[in-house]
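Presented below is the structure to which this report refers.
Any read-out appearing in this document is the output of simple, stated calculations on the displayed coordinates, not a laboratory observation. Note that this is a predicted model, so its numbers are computed, not measured. Cβ placement follows ideal geometry from the backbone for every residue including glycine, while neighbour counts extend to all protein chains displayed.
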Amino acid sequence: MGALVAAADKRASRPAKRRPELPGPGLPGSVSVALRASPVVVVALYAAGDTIDMAAGSEAEAGAALAKAPYVAVNVGDESQIGDIAARLPSLAVPSVVIDGHGGCVLAQIEGYADRKTVAEAVDGARPG
């Protein structure tokens, strides 16, 4: 019986394993996955079929690559993709680039078309530390 108590005491004295911080609730799954791997994520908001939005998305993706940050495109017309992004933004302009951080907090938003250099600079400015 003494051995069982000693084993239980050893387990109780171990520090609890820290769970990874979960991204904010209601985020699209692709954004949540990206936030588990990186402190910042470039999210391009677009309307399907719009050529300007597609061009803006390509520039956002290139800017994310320059800044070495994950890139996620989110179609605002698809409820399964948009999640609660609209509620977290000051405005839901499309096209738009959103820099998300851990916990799903919006670190920056660029409304309208942004070139790759502007996106990369926004990511660098939003990075912690």
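Points to keep in mind about this one:
- Residues (assigned to a loop (DSSP other than H, G, I, E, B), closer than 12 Å to N75 by Cα and over 10 Å from the mean Cα position of the chain (by Cα)) located in the stretch 24-50: A47, A48, G49, D50
- Only one entry of D53, D100 meets the criterion of being over 18 Å from S32 (Cα atoms), outside any loop (DSSP other than H, G, I, E, B) and in contact (Cβ under 8 Å) with a residue 12 or more places away in the chain, and that entry is D53.
- For the stretch 67-78, the criterion of being farther than 25 Å from G129 by Cβ, free of Cβ contacts under 8 Å to residues at least 12 places away in the same chain and not polar (S, T, N, Q) is satisfied by no residue at all.
- Condition broken by V76, with the remaining ones in (1) more than 21 Å from R127 (Cβ to Cβ); (2) among the aliphatic types (A, V, I, L, M); (3) more than 17 Å from the chain's Cα centre (by Cα) satisfied: (3)
- One residue stands out among those in the stretch 45-63 that are over 13 Å from D115 (Cβ atoms) and touching a strand residue (DSSP E or B) at 6+ places or on another chain (Cβ under 8 Å): the one that is surrounded by the fewest Cβ atoms within 10 Å (Cβ to Cβ), which is A48.
- For T51, the stated conditions do not hold, so it cannot be described as in contact with a helix residue (DSSP H, G or I) (Cβ under 8 Å, 6 or more places away or on another chain) and polar (S, T, N, Q).
- Any hit, the stretch 39-48, residues being under 21 Å from E121 (Cα atoms) and in contact with a His (Cβ under 7 Å, 6 or more places away or on another chain): yes
- The residues in the stretch 95-109 that are crowded, with 19+ Cβ neighbours inside 10 Å and either on the phi > 0 side of the Ramachandran plot or not hydroxyl-bearing (S, T, Y) (or both) can be counted, and the count is 8.
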